[in-house]
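Contents: one structure, followed by commentary.
Coordinate-derived values only; no laboratory data. Since we're looking at a predicted model, the values are computed, not measured. Cβ placement follows ideal geometry from the backbone for every residue including glycine, while neighbour counts extend to all protein chains displayed.
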Amino acid sequence: MKQPVDFHFGKEFTVGSFQVHPDGKLRMNSLADFFQEVAWGHADSADFGRNLLEENLSWILSRFDIKAANLPTWGESIKVFTAGRGVDKLFAFREFLITDLQGKPLARAMSSWVLLNTVSKKIHRPDQVLPTALFDPQLKPDWQPDRIRVSGKLLFEEEFKVRFSDLDLNNHVNNTTYIRWVEDLFKDHQIDSGQLLINYLAECVLGDQVKLELYKSEDKFQIQGKVLNKSVFLAETGT
């Protein structure tokens, strides 16, 4: 599979019927599933994916900025690429690109990650652990996911409990689950979420009672997720 010269790793996928909305277009959380899969594949190819678990180290997603200009549809074959985009203090950056088989860009994303010791809860500087082939500390990303600051008018609130199907390998809510929650709430209010920025602030676990708050300002919609009045994530899309 030919890949863009500035991306390091890629895989080909076919969009399944279980990954799309009723209109046949890929769900945003399924898009993030593809990103997560190639991120693991790239990290494993350099022995810095699942092998890190043996050292009690785990990648924790901090921010995700997704720009989906043309979501693929059911049955469409796509190529998903990724590359490390450098390090800034405690954060390592990873970019993603999805194209069709002819190379036409369909979606891009930039993400920032921290490397956490799951026992001590200490964050490790990625440039002291990772090979430069994976995350060159001299590089800087073309753009960085922004910090979200909630503002505007509160439009809607809802609450629900974290279920077993929401969890990942670490028994925490999977980062793509948050995106599913966000997209569902946006869809309930006829809000287009083709561009999505999300900040992950704290972990959610099985049984947590999550409260979602939907806000609208002049040029954007925002969602704040809380557990016991503590913000656990923030999400934003333009109007």
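For residues in segment 84-98 being closer than 11 Å to Gln144 by Cα and among the charged types (D, E, K, R), which is surrounded by the fewest Cβ atoms within 10 Å (Cβ to Cβ)?
Only one residue fits best here, namely Asp88.
Can you pull out every residue in segment 186-212 that is outside any loop (DSSP other than H, G, I, E, B) and under 20 Å from Phe164 (Cα atoms)?
Once the filter is applied, which keeps residues that are outside any loop (DSSP other than H, G, I, E, B) and under 20 Å from Phe164 (Cα atoms), segment 186-212 yields Tyr200, Gln209, Val210, Lys211, Leu212.
Got a number for residues in segment 213-227 being within 23 Å of Ser165 (Cα to Cα) and among the charged types (D, E, K, R)? First the steps, then the outcome.
First, the residues of segment 213-227 that are within 23 Å of Ser165 (Cα to Cα): 213, 223-227.
Subsequent filtering for residues that are among the charged types (D, E, K, R) retains 213, 226.
Qualifying residue count, segment 213-227: 2.
Has segment 219-239 got any residue that is touching a Ser or Thr at 6+ places or on another chain (Cβ under 8 Å), closer than 25 Å to Glu95 by Cβ and of a type in the set (D, E, K, R)?
Yes, there is a match, as at least one residue in segment 219-239 is touching a Ser or Thr at 6+ places or on another chain (Cβ under 8 Å), closer than 25 Å to Glu95 by Cβ and of a type in the set (D, E, K, R).
When segment 148-171 is examined, which residues are found to be in a strand (DSSP E or B), closer than 23 Å to Leu197 by Cβ and of a type in the set (A, V, I, L, M, F, W, C)?
Leu154, Leu155, Phe156, Phe160
Select from segment 174-200 the residues that are farther than 17 Å from Phe35 by Cβ and of a type outside the set (Phe, Trp, Tyr) and write down the one among them that is surrounded by the fewest Cβ atoms within 10 Å (Cβ to Cβ).
Selected residue: Gln190.
Picking from Leu154, Leu116, Leu106, which residue would you name as being crowded, with 16+ Cβ neighbours inside 10 Å, within 28 Å of Phe221 (Cα to Cα) and hydrophobic (A, V, I, L, M, F, W, C)? Spell out the reasoning first.
Details: Leu154 fails: crowded, with 16+ Cβ neighbours inside 10 Å; Leu116 fails: within 28 Å of Phe221 (Cα to Cα).
On inspection, the qualifying residue turns out to be Leu106.
So if I check each of Val150, Val87, Val129, which one is within 19 Å of the chain's Cα centre (by Cα) and in contact (Cβ under 8 Å) with a residue 12 or more places away in the chain? Give the steps one after another, and end with the answer.
Values: Val150 fails: within 19 Å of the chain's Cα centre (by Cα); Val129 fails: within 19 Å of the chain's Cα centre (by Cα).
It is Val87.
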